[in-house]
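A.B. asks: One structure, pasted below without further comment.
The values are calculated or read from the model by the stated rules, or taken from the named source; none is laboratory data. Just so we're clear, the structure is a prediction, and the values are computed from it rather than from any experiment. In this analysis, Cβ positions are derived from the backbone assuming ideal geometry, glycine residues included, and neighbour counts consider all displayed protein chains.
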Amino acid sequence: MYCRKILLFVCVLLLFNASCTKEGGSSADASSGTGKGGSLARFTITGNYLYLADWNSLRVFDISNPLLPIEKPQIPIGFGIETIFPYKNKLFIGAATGMYVYSIADPAAPVKLSSVMHMRSCDPVVSNDTISYVTLRGNNCGPAESGLYIYDIKNISSPLLLKPLPLSSPYGLGLVDSVVFVCRGSNGLTAVNVKTPSDPKIIDTKNDGFYLDVIPYNNLLICYVNTGILIYDISDLGNISKIGEINN
């Protein structure tokens, strides 16, 4: 079932890659041409390297020759590594107890730049040049207060918490321009205006499914839900509309 869902994601991305050419405001760096993943991804490809979040370490593979991948030395990180998000020459790694930022200026040997620790929870992250957005989900994942946590990373060596926005049951998230989309399971897909990061405001919530993760792609928002995939037109962030779905 899991493989089938991944295949659905790939098929949708290929379909819309052929029909859409305008680059949207996704927080991912699209220059590598390797595609975009969701915030819950445990691996990512940047250039000729594949990075894998492996519970307590970061694994690095040179895939210059895809038929003969070469594994580099593993990098110990900490307990409960869960997610990995690339942005330009950095990796933002979410763990059960915090967020870690690594430089991949040397792609074969990532170097830790900073970390932010918190109470145990589930912890996906997305980022841009100056701000990182993290969702923490308490209850089954741990005692942290559930919500969207916003960090100023202009000083990358010392991230500063700007504003926690309480939100029940947050899962994955995606960033488009000044809007963060937060998947909240049965509580819907919530759009948060973060134009002023220290003062986030909820602007919309969709309730078309049980939302788990999102991929912003050009003017589309591809949502992974428990029944398959929902696709939204986000060309006008003031008028977000569902335009399609693929069921399991």
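A.B. asks: Do you know which of the residues in the range 162-173 that are out of contact with any Lys or Arg (no Cβ under 9 Å at 6 or more places or on another chain) and modelled with pLDDT of 90 or more is surrounded by the most Cβ atoms within 10 Å (Cβ to Cβ)?
C.D. replies: So the first thing to find is which residues in the range 162-173 are out of contact with any Lys or Arg (no Cβ under 9 Å at 6 or more places or on another chain), and the list is 162-164, 166, 172-173.
Retained after the next criterion (residues that are modelled with pLDDT of 90 or more): 162, 166, 172-173.
Details: LEU162: 17, PRO166: 9, GLY172: 24, LEU173: 28.
The residue in question is LEU173.
A.B. asks: Select from the range 156-175 the residues that are outside any loop (DSSP other than H, G, I, E, B) and free of Cβ contacts under 8 Å to residues at least 40 places away in the same chain and write down the one among them that is farthest from ILE229 (Cα to Cα). Working first, answer last.
C.D. replies: Of the residues in the range 156-175, the ones outside any loop (DSSP other than H, G, I, E, B) are 160-166, 173-175.
Right, trim to free of Cβ contacts under 8 Å to residues at least 40 places away in the same chain and you get 160, 162-166.
On the way: LEU160: 35, LEU162: 33, LYS163: 31, PRO164: 29, LEU165: 27, PRO166: 26 Å.
The extreme case among them is LEU160.
A.B. asks: Looking at (1) over 22 Å from TYR149 (Cβ atoms); (2) part of a strand (DSSP E or B), which one does ILE203 not meet, given that it meets all the others?
C.D. replies: (1)
A.B. asks: Residues in the range 64-87 that are of a type outside the set (S, T, N, Q) and loosely packed, with under 15 Cβ neighbours inside 10 Å: how many?
C.D. replies: Here the count works out to 9.
A.B. asks: Further question on the same structure: Out of curiosity, is ASN56 more than 18 Å from the chain's Cα centre (by Cα) and at pLDDT below 50?
C.D. replies: no
A.B. asks: Of (1) closer than 23 Å to ASP152 by Cα; (2) surrounded by fewer than 15 Cβ atoms within 10 Å (Cβ to Cβ); (3) modelled with pLDDT under 90, SER121 satisfies all except one. Which?
C.D. replies: It is condition (2) that SER121 fails.
A.B. asks: Taking the condition of being in a loop (DSSP other than H, G, I, E, B) and surrounded by fewer than 22 Cβ atoms within 10 Å (Cβ to Cβ), how many residues in the range 210-243 meet it?
C.D. replies: 11
A.B. asks: Here's a follow-up. Those residues that are farther than 16 Å from GLY147 by Cβ and part of a strand (DSSP E or B), I need them from the range 176-194; list them, please.
C.D. replies: Passing the criteria: VAL176, VAL179.
A.B. asks: Separate question: Just for the range 95-118: of the residues that are touching a Leu at 6+ places or on another chain (Cβ under 9 Å) and assigned to a strand (DSSP E or B), which one is surrounded by the fewest Cβ atoms within 10 Å (Cβ to Cβ)?
C.D. replies: SER103
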